[in-house]
Amino acid sequence: VLKDLEYGDDEKPKYAFCESVHAGPLARWHIRKLSDVGLKLGGGIDTASLCGRVRPMGDMTSGQRGGGGWDLRVRIRPEHFHTDQLVVCEACAAEYLKADPEV
Ligand SMILES: [Zn+2]
């Protein structure tokens, strides 16, 4: 069961949920498109979230220094978007659903 709910070590997902290093326990999850390096579960994300709010450490794209973040092993599933209880950042969800309409 866990295998369906989480990405395995041998998997190379295209997208992943990520969190900012500044995220509190109730913060929504963001989504980023992964590079070839894959999941960064221990921190050190190397691409920005789709909404641009979570950025790699030191990234200066928006004029403010990126603080970094990490990925979650949680598999992205339709339930994450089709629910009343929003757990995903709305801007990230909108971009993701545009890019990967299978979900
Ligand atoms: Zn976001």
(request) Work out Dmax and Rg for region 41-103 from the C-alpha atoms and quote the Rg first, both in angstrom. (result) 12.9, 35
(request) Starting from the residue with the highest accessible area, list 32, 53 in decreasing order, probe 1.4 Å. (result) 53, 32
(message) Could you report the chain's accessible area per residue, 1.4 Å probe, as an integer in Å²?
(response) 62
(request) Determine the dipole magnitude for the chain: charges of +1 sit on the beta-carbon of Lys and Arg, -1 on that of Asp and Glu, nothing else is charged, the reference point is the Cα centre, and the result goes in debye to the nearest 20. (result) 300
(message) Roughly how far apart, in whole Å, are the Cα centres of region 18-55 and region 57-97?
(response) 6
(request) Report, to the nearest whole %, how much of the accessible area of the chain belongs to carbon and sulfur atoms, 1.4 Å probe, protein only. (result) 52
(request) Report the local net charge at residue 72: Lys and Arg +1, Asp and Glu -1, summed over other residues whose C-beta lies under 13 Å from its C-beta. (result) +3
(message) What is the sum of charges, Lys and Arg at +1 and Asp and Glu at -1, for the other residues whose Cβ falls under 12 Å from the Cβ of residue 62?
(response) +2
(message) Tell me the angle of helix 90-99 to the major Cα principal axis of the chain, expressed in degrees between 0 and 90 and rounded to the nearest ten.
(response) 70
(request) Report the FRET efficiency, 1/(1 + (r/R0)^6), for residue 5 and residue 94, where r is their Cβ-Cβ distance and R0 is 22 Å, rounded to 0.05. (result) 0.40
(request) Order the peptides 36-43, 71-78 from the highest to the lowest mean number of other Cβ atoms within 10 Å of their residues. (result) 71-78, 36-43
(request) Would you compute, for the Cα atoms of region 5-85, the largest minus smallest coordinate along each principal axis and list the three values in descending order, in whole Å? (result) 35, 32, 19
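The values are calculated or read from the model by the stated rules, or taken from the named source; none is laboratory data. In this text the structure is predicted, and so the values were computed from the model without any measurement. FYI the Cβ positions are ideal-geometry reconstructions off the backbone, even for glycines, and counts take in every protein chain you see. Areas reflect the complete protein model, heavy atoms only, side chains present, ligands, DNA and RNA absent. Shrake-Rupley method; radii C 1.70, N 1.55, O 1.52, S 1.80 Å.
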